[in-house]
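**Student:** If you scroll down you'll find the structure; I have some questions about it.
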Amino acid sequence: MKIVCGALAALLFCVAGAIWYVYQKKAVFLPALFGLCGFPKIKESCYYDGSGHFRPATKEDKVGFFMQHPIFGGFYHMFFNLEDNALKAIAPAKYKDFMQAQGRAEQTDTSLDAFNYLTGLVEKGQAKLVSGLYPQEAMKDHPYRSHLTGMFYYGQPGKPLAIVVPGGGFISNVTDCEGYPIAMELHKMGYSVFVLSYPIGKQLGETEPLKQGQAAAKELTQAIRYLTNHQKELAICMDDYAIFGFSAGGLMTTAYSFASYADCCHNHHLPRPKAIFPMYGLDCFESYLPYRSSSFILAHIASQRALSWHLPPALFIL
């Protein structure tokens, strides 16, 4: 019996050590990764200062603090999105540790500035959560379509709209670094901005990377359909807008804007962007991708522009 107890104690010690090691190195809480835990509970009072306003978030706050912030209305995926259990696994980590584990420590301060800028705008009524981008009946058999959401920033009257599509390889949304910081800078210049949060990975109903990318492109199409149908409410004009896409978001941007895709704006009779800015994300579904040659890619794009007007002005950052 003593041997059995000793063996169990040693096993528990090893498990606890492994959990602690992974948490320290990767900012991931292993039990949650295996579905054994939920999100850490954050008291509502933790979000406010003594005067009842949102307090500034800090690098010492848990990732779960950001995910469950009241501005997101219960949509935990809008700060940083992963598959459900993985999202729960990173929630207990301090934001500074999470960023360090991701190799993005140098972006921490900028991300925090952008998040606090957004919470300030929401308090003043200058930004808001936009959800329900799909009709209710369309979400009945596809519950993850509810993850198609966004934060809308009201700009100066007459200024164009900028749509920001974060990347993440279709397995995550890096909205904290590739969404809100870009929106902050654009909004400071007077533009209205819509930061898109979209389903990823298995949430898209696909397991193969290529099909996930194609499914994600449809999410952008649906988001622009929603914006087009709600122009008056949001005080925007979809005759004059641009899309800023990062990595996977850049691929979605070109898929929506290039006439050679089934779900492009032309085939859905949706407004074409006046300009697109795909950052390190190009025409992912074309056969030339394996060449990985910038000159080859740009030559192909140039040939498309020469043959057809169905391509908006574009700045590609490779």
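**Student:** Pull up the cross-link candidates among the lysines for K59, meaning alpha carbon to alpha carbon under 26 Å and not fewer than 8 places away within one chain.
**Tutor:** The reachable lysines, counting only those whose Cα sits under 26 Å from K59, are K25, K26, K41, K43, K88, K94, K96, K124, K128, K188.
**Student:** Still on this structure, I have one more. Expressed in nm to one decimal, what extension gain is obtained for the pair K188 and N267 from 0.36 nm per residue of sequence separation less their Cα-Cα distance?
**Tutor:** Separation in residues times 0.36 nm, less the Cα-Cα distance, equals 25.0 nm.
**Student:** Within the set of other residues whose C-beta is less than 11 Å from the C-beta of S192, count the net charge using Lys and Arg as +1 and Asp and Glu as -1.
**Tutor:** Combined, the nearby Lys, Arg, Asp and Glu give 0.
**Student:** Okay, next question. Through the Karplus equation 6.51 cos²θ - 1.76 cosθ + 1.60, θ set to phi - 60°, convert the phi angles of region 229-241 into ³J(HN,Hα) values in whole Hz; use x for Gly and Pro.
**Tutor:** Listing the rounded values in order: 7, 10, 4, 5, 4, 8, 6, 10, 10, 7, 7, 8, 8 Hz.
**Student:** Taking only protein heavy atoms into account and a 1.4 Å probe, give the accessible area per residue of region 198-249 in Å².
**Tutor:** 42
**Student:** List every residue whose amide H lies under 5 Å from the amide H of F246, counting only residues 5 or more places away in sequence or on a different chain, with H placed 1.01 Å from N in the peptide plane.
**Tutor:** Result for F246 returns V165, G167, M279.
**Student:** Return the long-range amide H neighbours of S192 (sequence gap of 5 or more, or a different chain), with a cut-off of under 5 Å between placed amide H atoms.
**Tutor:** Amide H to amide H, under 5 Å and 5 or more residues apart or across chains, S192 pairs with G155, Q156, A162.
The values are calculated or read from the model by the stated rules, or taken from the named source; none is laboratory data. Every value quoted in this text rests on a predicted model; they were computed, and no experiment measured them. As a convention, Cβ positions derive from the backbone with ideal geometry for all residues, glycine included, and neighbour counts pool all protein chains shown. To get the accessible areas, we keep the full protein, side chains included, count just its heavy atoms, and leave off ligands, DNA and RNA. Shrake-Rupley method; radii C 1.70, N 1.55, O 1.52, S 1.80 Å.
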